[in-house]
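Encoded as structure tokens, the structure appears first; notes follow it.
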Amino acid sequence: MIKSMTGFAAVTVEDERATIAVTIRALNHRYLDLQLRIPQSLAAIEGDVRGLVGRHVARGRVELGLSLQLRQAPGVSVEFNDEFGRALETALEQARARGLVSGSLTPGDLLRIPQAITIRDRQVGEDDAAQQALAENARAAVDQALADLDTMRSREGDHLRADLDGRRTFVADLVERIAVAADEGRAGFEARLTERVRELRTELQAEESAVAQEIVRLASRSDISEEVARFRAHVSHWVTLSDSAEPCGRKLDFLLQEMNREVNTMGSKADGLRVSELVIAAKAELEKMREQVQNVE
């Protein structure tokens, strides 16, 4: 299946507790490169998010951002360090007994001692039920964003396939024309060689059958029937890969390398006035296909 590696999706999920927003941007990359931005309060679902992305995306750079905005302002939690307080009280009693200090500690004194009191924001949803609900909403938002991303990448993939199919058909036609031109060139070469041998026959003392065999052997060096057959097989394989449900970008890239190799061999072996022109046109079209395939997952 031809699916584009590039795409974008954004999903927002709201309820009475919070607003969860997910944005995903997918770019070209040789392998799956996942970049996540998840708030600390939802860090527990990172493994689930990676699993969801892996089910939807085979390769490409995926930048996923998840934000959480609570509807209620966070409260404040103030905690007194009992162990530190007991140790401080013991130390003060010893100091008083020695006459080093007098009086007692005030709340202001405790606030100036960082080890005595801890003040932190208490997030709404710190209880297990509320946190689990937020996590479920976040997973649902990520799943919906990935589905939207899939839809966009499939739609772009349809355009890519239409372009690649047109170019594939054009290249296949060029190769068929190369085969015809090569056959004409080989026949012309045989005719020229036969005529030249006939002109020199008075000077050459050779058997007619041996001369004929040598002419055929020399002409067969320009035979490209095997290369054309392999190229046709590659074209058929291309169609099979494009119709399959699996991601095929890397396989198509490798197949294009093989197709280009066959065309190069045709150009080096075939003889004919039009062969070089057709080979150059085929190679140029294959290069355009290779550039386009870099966008296929």
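With 0.36 nm allotted per residue and the present C-alpha distance subtracted, the Arg50-Asp173 stretch has 39.8 nm of extension available. Reported to the nearest whole Å, the Cα centre-to-centre distance from the range 247-297 to the range 90-116 is 85.
The simple Förster model, with R0 at 22 Å and r as the Cβ-Cβ distance, assigns Arg71 and Ser154 a FRET efficiency of 0.05.
For the range 1-52, the set of trypsin sites (Lys or Arg not before Pro) satisfying both a DSSP loop assignment and a count of at most 13 other C-beta atoms within 10 Å is given as Arg30.
Could you list the residues of the range 143-180 with an amide nitrogen less than 18 Å from a label point located 7 Å from the Cα of Phe8 in the Cα-to-C-beta direction? So the set is 145-157. Only protein atoms count toward the accessible area here, which uses a 1.4 Å probe; on the range 15-86, the carbon and sulfur part of that area reaches 46 percent. Between Phe80 and Glu258, the FRET efficiency estimated from the beta carbon spacing at R0 = 51 angstrom works out to 0.10.
The values are calculated or read from the model by the stated rules, or taken from the named source; none is laboratory data. Predicted model, so just to flag it, every value in this text is computed and none were measured. Reconstructed Cβ throughout: ideal geometry from the backbone, glycine too, with neighbour counts over all protein chains shown. Just so you know, the surface numbers come from the protein's heavy atoms only, side chains and all, with ligands and any DNA or RNA stripped out. Shrake-Rupley method; radii C 1.70, N 1.55, O 1.52, S 1.80 Å.
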